[in-house]
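The values are calculated or read from the model by the stated rules, or taken from the named source; none is laboratory data. Given the structure is predicted, the values throughout are model-derived calculations rather than measurements. As a convention, Cβ positions derive from the backbone with ideal geometry for all residues, glycine included, and neighbour counts pool all protein chains shown. Only protein heavy atoms, including side chains, enter the accessible area calculation; ligands, DNA and RNA are left aside. Shrake-Rupley method; radii C 1.70, N 1.55, O 1.52, S 1.80 Å.
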Amino acid sequence: MTAEEIIKDIKTRKLKPIYLLHGEESYYIDLIADALEQYVLSDAEKGFNQTILYGKDTEAIQVINAAKRYPMMSDYQLVLVKEAQELKLDKAADQFQAYCEKPLPSTILVLCYKYGKFDKRKKVYKVLEKTGLVFESNTIYDNKVPAWIEDFIKSKKHHINPKASALLAEYLGNDLSKIANELEKLMLNVPQGQEITTKEVQDNIGISKEYNVFELQNALARKDALKANQIINYFEANPKSNPIVLVMGNLNTWFTKILKYHYVQDKSQLVKELGVNPYFVKDYDLAARNYNLGKTFQVISLLREYDLKSKGVESTGNTEHGDLMRELVWKILH
C-alpha cells in the first residue's frame, strides 16, 4: 500500500493493531504517524488513551506492557513509539513476538523505525506482515524529485513550472521532509492561481538568481567561461549555501545524463530515458553538441578526480575548494 492509501484507510477507521513504519525516508513515516495521531482518538480520548514513547528512553518491555492495556471510555488506545530504531527489541524478543502474534484489537501500536530498514530476516518481521501493516519508506531517486515537487504543489491547489521545480530539486536535494517544509513556506507567499516560477523560488527560498548550480550547468552547456567562473567565485564566497560536495554531485548527475543522451538512438524517447521534464530536453541537446561522447567521459572522470581531491584524497597540491572548482571548470571547458 502507498502512504496515501494507508492514510485514507486511517481516516475511514480501517485500522490495524500494529503499524511498522520503516525505511530511509522519514517523510512518509511522519505523515502516516501524524495521521494516526490525528484520527484514531478524539481530543477528549487522548488524555487517557494516547501514549507516546521514544525508543532511546524506553525499554522494550514497557512498550509491550503499554500495548497490553485496555482503553478507557474509548474503542482504542494509541501507543506511538517514535525513534523505534533506538528501541532494544532483542532484550524482550520472545515477549514482543508473542504480543505481535496475538495483538490486542483495541490497541493501535505504531513503531516509527527511521533512517534504516527493519531487519527482514527476523521472525517477528513476518509476524508483523501477517497481523499488522508494514510500510517501507524508500529514499526517492534524484530524477524523481521534480515530479514529486510538482505533485505536492498540485495537491495544495498551486501550480509550479518545470524550471522552478527543477531548480528546487537541484538546491534542496531529495530529503522530502526538507522539501515539503520549504514548499509550505513558499506557498504562503504565492497566491493560489499564480504560477510559481524561478523568480518566486529565488525570492523566497534564498537561492541566488544568477549564481546557483542550475545556472552553472547552463553556463557549462553554452561553454560560457566568464559566467561559469563568476558563479564559482560566488560559490567560494558563500560556501555554506553552495558546498562543493553538493555542486560536484549535481554536476556528476547532469553529465551522466548527457552521457545517456549520446547512447539514446531514438531521440523521441529522451524524456523517458533521461528521466527529465520535456521542458529541459533542449538544454541536453545543446550540452550534447558541445560535449561529444569522448569529452563527456573525460568530464565524468574529472568530476570523480576532483571530488576525491576536495576530500583530501589523492591530492598533492592546493585543496582550497574555490581553487579546485576553478581548475575543474577550466578543464571541463577546454
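Return the residue satisfying two criteria in turn: it lies in segment 120-141 and is open to solvent by 30 Å² or more (accessible area, probe 1.4 Å) and not in a loop (DSSP other than H, G, I, E, B), and of such residues it is nearest to residue 200 (Cα to Cα). So, considering only residues that are open to solvent by 30 Å² or more (accessible area, probe 1.4 Å) and not in a loop (DSSP other than H, G, I, E, B), the one nearest to residue 200 (Cα to Cα) is 136. Annotation: residue 205 fulfils all but one of (1) of a type in the set (A, V, I, L, M); (2) open to solvent by 70 Å² or more (accessible area, probe 1.4 Å); (3) in contact (Cβ under 8 Å) with a residue 12 or more places away in the chain; the unmet one is (2).
Residue 235 - would you say it is assigned to a helix (DSSP H, G or I), among the hydrophobic types (A, V, I, L, M, F, W, C) and more than 22 Å from residue 297 (Cβ to Cβ)? So residue 235 fits the description; yes. Restrict the check to segment 308-318 and report whether at least one residue is farther than 19 Å from residue 213 by Cβ, modelled with pLDDT under 95, surrounded by 13 or more Cβ atoms within 10 Å (Cβ to Cβ) and out of contact with any Ser or Thr (no Cβ under 9 Å at 6 or more places or on another chain). Yes, segment 308-318 contains at least one residue that is farther than 19 Å from residue 213 by Cβ, modelled with pLDDT under 95, surrounded by 13 or more Cβ atoms within 10 Å (Cβ to Cβ) and out of contact with any Ser or Thr (no Cβ under 9 Å at 6 or more places or on another chain). Would you check if there is a residue in segment 12-27 being under 22 Å from residue 127 (Cβ atoms), more than 20 Å from the chain's Cα centre (by Cα) and surrounded by fewer than 19 Cβ atoms within 10 Å (Cβ to Cβ)? Yes; the residues of segment 12-27 include at least one that is under 22 Å from residue 127 (Cβ atoms), more than 20 Å from the chain's Cα centre (by Cα) and surrounded by fewer than 19 Cβ atoms within 10 Å (Cβ to Cβ). Inspection of segment 178-201 identifies no residue that is open to solvent by 70 Å² or more (accessible area, probe 1.4 Å), out of contact with any His (no Cβ under 9 Å at 6 or more places or on another chain), assigned to a strand (DSSP E or B) and on the phi < 0 side of the Ramachandran plot. Tell me, which residue of segment 218-241 that is within 28 Å of the chain's Cα centre (by Cα) and open to solvent by 20 Å² or more (accessible area, probe 1.4 Å) is nearest to residue 326 (Cα to Cα)? Within segment 218-241, the match that is nearest to residue 326 (Cα to Cα) is 236. With the checklist (1) more than 30 Å from residue 151 (Cα to Cα); (2) touching a helix residue (DSSP H, G or I) at 6+ places or on another chain (Cβ under 7 Å); (3) of a type outside the set (Ser, Thr, Tyr); (4) surrounded by fewer than 21 Cβ atoms within 10 Å (Cβ to Cβ) in hand, flag the one item residue 7 doesn't pass. Answer for residue 7: the failing condition is (1).
For segment 249-265, filtering for residues that are surrounded by 20 or more Cβ atoms within 10 Å (Cβ to Cβ) and within 19 Å of residue 322 (Cβ to Cβ) leaves 2. Of everything listed in (1) closer than 21 Å to residue 254 by Cβ; (2) of a type outside the set (Asp, Glu); (3) crowded, with 16+ Cβ neighbours inside 10 Å, the single unmet condition for residue 144 is (3).
For segment 266-274, indicate whether the set of residues that are open to solvent by 80 Å² or more (accessible area, probe 1.4 Å), modelled with pLDDT of 90 or more, among the basic types (Lys, Arg) and not in a loop (DSSP other than H, G, I, E, B) is non-empty. No; the residues of segment 266-274 include none that is open to solvent by 80 Å² or more (accessible area, probe 1.4 Å), modelled with pLDDT of 90 or more, among the basic types (Lys, Arg) and not in a loop (DSSP other than H, G, I, E, B).
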